Amino acid sequence: QSALTQPASVSGSPGQSITLSCSGTSSDIGRHNYVSWYRQHPGQAPQLMIYDVTKRPSGISNRFSGSKSGNTASLTISGLQAEDDAFYYCCSYTSRRVLFGGGTKVTVL
Amino acid sequence: QVVQSGAELRKPGESLKISCNVSGSRFGTYWIAWVRQMPGKGLEWLGIIYPGDSDTRYSPSFQGQVTFSAAKSINTIYLQWTSLKASDTGIYYCATLFLDPEAFDNWGQGTLVTVSS
């Protein structure tokens with residue numbers, strides 16, 4: 001099964017809001033509410049930012065929010081900050097396995 | 001806290017076992033995943049293990065290529081290869097699914113595995 005589809009790059013200026021998309025199918029994103037998002041800075045391990053489509057783990061800023069419509073999930077980052085410059089991966093459960101997206105590089109201009 | 005074993009360099013055809021230690025008294029009560037990141041690439045799910053009874057689920061892409069095991073008494077899980085290939089080169093992360101059964105909430109620092117002749 002193919003990975004989830006994410007745009008290769010998204011950019012924004014400090015203070016702006018950006019939205020990252022993650023496209024799947026009716027077998028993964030469209031069927032389950034098990035979508036999560038991870039942020040990864042160079043040379044570091046990924047960090048959980050959003051899980052179960054909309055939930056934020058303790059300690060994650062409310063600048064991060066998740067949503068889903070049909071087979072597409074989205075991560076919105078509001079009030080863009082320098083520390084948001086990183087790779088972001090979406091993830092979805094499907095048929096007893098897990099799929100990741102190819103990743104989106106967010107650049108803070 | 002999740003702490004993985006150090007970087008490894010092996011030749012093709014050699015075997016390898018890397019480890020992941022998870023601190024805390026509830027080890028064995030949640031699943032733990034293995035995730036690969038090849039050089040300059042994205043994340044790939046290898047599968048999960050439940051250290052409480054060593055139940056395992058493998059990605060079809062990795063079934064038969066790797067083996068997961070656990071030592072509950074020392075809060076440690078393992079990822080093992082019997083015959084490495086150059087294409088196994090990458091960083092291998094373990095990550096707990098403590099918060100939610102489908103969210104990787106606490107990650108190890110990663111183990112770099114390099115397979116080269």
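The values are calculated or read from the model by the stated rules, or taken from the named source; none is laboratory data. What you see is a predicted model, and the numbers here were worked out from it, not measured in a lab. Cβ atoms come from the backbone with ideal geometry, glycine included; neighbour counts cover every protein chain shown. What goes into the accessible areas is simple: the full protein's heavy atoms, side chains included, and nothing from ligands, DNA or RNA. Shrake-Rupley method; radii C 1.70, N 1.55, O 1.52, S 1.80 Å.
Things worth noting here:
- Judged by a Cβ-Cβ distance under 4.7 Å, the unpaired cysteines of the protein assembly as shown are A:C91.
- Pair B:S116, B:S87: separation of 7 Å Cα→Cβ label points (nm): 2.0
- Stokes-Einstein translational diffusion, chain A - Kirkwood Rh over all Cα pairs, 1.002 mPa s, 20 °C, in µm²/s: 156
- Residues in the range B:43-59 occluded by at least 30 Å² - accessible area, probe radius 1.4 Å, against chain by itself: B:L43, B:W45, B:R57
- Summed buried accessible area for B+A [probe radius 1.4 Å, Å², rounded to 100]: 1700
- Cβ-derived FRET efficiency at R0 41 Å, A:T107 paired with B:S25, nearest 0.05: 0.45
- Under 10 Å, Cβ to Cβ, from B:A103 - net charge with Lys/Arg +1 and Asp/Glu -1: -3
- Neighbourhood net charge (12 Å Cβ-Cβ; Lys/Arg +1, Asp/Glu -1) for B:S59: +3
- Drop in accessible area of at least 10 Å² in the complex versus isolated chain, residues of the range B:69-117, 1.4 Å probe: B:Y93, B:L99, B:D100, B:P101, B:E102, B:A103, B:F104, B:D105, B:W107
- Estimated inter-spin distance, A:S21 and B:L9, nm [label 7 Å along Cα→Cβ]: 4.5
- Each Lys or Arg adds one and each Asp or Glu subtracts one; over the other residues with Cβ under 15 Å from the Cβ of B:S116, this totals 0.
- Interface residues of the range A:34-49, defined as those losing at least 40 Å² of solvent-accessible heavy-atom surface relative to the isolated chain (probe radius 1.4 Å), are listed as A:Y34, A:Y38, A:A45, A:P46, A:L48.
- Per residue accessible area in Å² of the protein assembly as shown, where ligands, DNA and RNA are left out and the probe is 1.4 Å: 45
- The range A:36-51 and the range A:71-96 have Cα centres spaced 9 Å apart.
- The range B:22-96, accessible surface, carbon-and-sulfur percent (1.4 angstrom probe): 49
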